[in-house]
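Presented below is the structure to which this report refers.
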Amino acid sequence: MSTMKYKGYVAQIEFDDSVNEFVGSTVNMRDVLSFSGLTVKELTRSFHKVVDTYLDWCKADGVEPDKPYQGNVSLRLSPELHRDIDIAATSQGKSINTFIEETVMKSLKGASTRAPRRRVRTR
């Protein structure tokens, strides 16, 4: 599977042999932007068009566009939980960040992690 990037948005690309076409959709945001193309050039134009259309639609409707995920999350923890996480991470020779990231990744395996709000498709 390949990826494409445009204006901070990332899309996964696959080839759908049932229709002999490249298809893609964004992966680093809650909204789902889907697009397709018969060639890489057409696929790239379609991706740029769907992102630009999405941003224009949001602006016209006064809706804040879903921003690409940046990887930063702020958490409020009880002091006790913070201490327990630090102890567990230290005992494994890891930073708190690495410990939490690995723990969350393990808990998400097999779980659905996408919660789309809006869908935009173009070709």
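The values are calculated or read from the model by the stated rules, or taken from the named source; none is laboratory data. As the structure is a prediction and not an experimental result, all values here were calculated from the model. Ideal geometry is used to build each Cβ from the backbone, glycine not excepted, and the neighbour counts take in all protein chains shown.
Residues in segment 37-85 that are touching a Leu at 6+ places or on another chain (Cβ under 7 Å) and under 19 Å from SER2 (Cβ atoms): GLY37, VAL50, VAL51. If the condition is being part of a strand (DSSP E or B) and under 27 Å from ASN72 (Cβ atoms), then segment 8-32 contributes TYR9, VAL10, ALA11, GLN12, ILE13, GLY24, SER25, THR26, VAL32.
Does PHE35 satisfy the criteria of being within 16 Å of the chain's Cα centre (by Cα), in a strand (DSSP E or B) and of a type outside the set (Val, Ile, Thr)? Taking the combined requirement at face value, the residue satisfies it.
May I ask you to list the residues in segment 50-92 that are part of a helix (DSSP H, G or I), charged (D, E, K, R) and within 30 Å of LEU33 (Cβ to Cβ)? Matches in segment 50-92: ASP52, ASP56, LYS59, ASP61.
Restricted to segment 52-96, and to residues there that are of a type in the set (S, T, N, Q) and closer than 25 Å to VAL10 by Cα, the residue that is modelled with the lowest pLDDT is GLN70.
Close Cβ contacts (under 8 Å, 6 or more residues apart or on different chains) running from residues in segment 38-57 that are exposed (fewer than 13 other Cβ atoms within 10 Å of the Cβ) to residues that are of a type in the set (Phe, Trp, Tyr) comprise THR39/PHE22; VAL40/PHE22.
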